[in-house]
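One structure is given below, encoded as structure tokens.
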Amino acid sequence: MDFWVVLAWVGRVLFVALFIINGVNHLRNTKAIAGYAASKHVPAPTAGAVVTGVMLLGGGIMILVGWHPIVGAAAVFLFLVSAALMIHNYWTVADPMMKAGEHAQFWKNIALAGAALLYAVAHHRGAL
């Protein structure tokens, strides 16, 4: 097997592991996720927890197995940007420690959204 093929698979597994694990978590712990979303004033938090769980799990699996990976990357991208803006809105937090944590989570989501976008572009161009 070609070295670069192996690296592509390792990179793909490492990239989607977070999304698949968190998608399962959203679906198994919907009540807790919805409670946190409600505390952040997200509309329809229970439905949102289920929908985002499906986006994460489905998008991660689609990228992993290469079945409509651009759609999967789009689902992950949309989740990450919406979660960054609605859940990790650090600019609304008064406590300095909490603000720092939300700031880190916000920028982690934005960076991963950029990676999902780059993945979709690379796949579209035939690089993956």
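Read-outs: derived from the displayed coordinates by stated rules, not from any lab. Bear in mind that the values here come from a model prediction, so they are computed numbers and not experimental data. Don't worry about glycine lacking a Cβ; one is built from the backbone with ideal geometry, like all the others, and counts go over all protein chains shown.
Brief remarks follow.
- Residues in region 84-128 reached by a label modelled at Ser39 [backbone nitrogen below 17 Å; 7 Å Cα→Cβ]: 84, 86-106
- Note on Thr92, Thr30, Thr46: ascending count of other Cβ atoms within 10 Å places them as Thr92, Thr46, Thr30, the fewest first.
- Förster radius 41 Å - calculated FRET efficiency between Ala100 and Ala122 (Cβ-Cβ, nearest 0.05): 0.80
- Normalised Debye scattering of the chain at q = 0.11, 0.21 Å⁻¹ gives log10 I(q)/I(0) of -0.41, -1.19, counting only Cα atoms as equal scatterers and leaving out solvent.
- Projected label distance in nm at Val10 and Met86, using a 7 Å step from Cα toward the beta-carbon: 3.7 nm
- With θ taken as phi - 60° and the Karplus curve 6.51 cos²θ - 1.76 cosθ + 1.60 applied, the whole-hertz 3J(HN,Hα) list for region 30-39 is 4, 4, 5, 5, 5, x, 5, 4, 4, 5 Hz, x standing for glycine and proline.
- Value at 222 nm in deg cm²/dmol, rounded to 500, when DSSP H runs of n ≥ 4 in the chain each add -39,500 (n - 2.57): -28000 deg cm²/dmol
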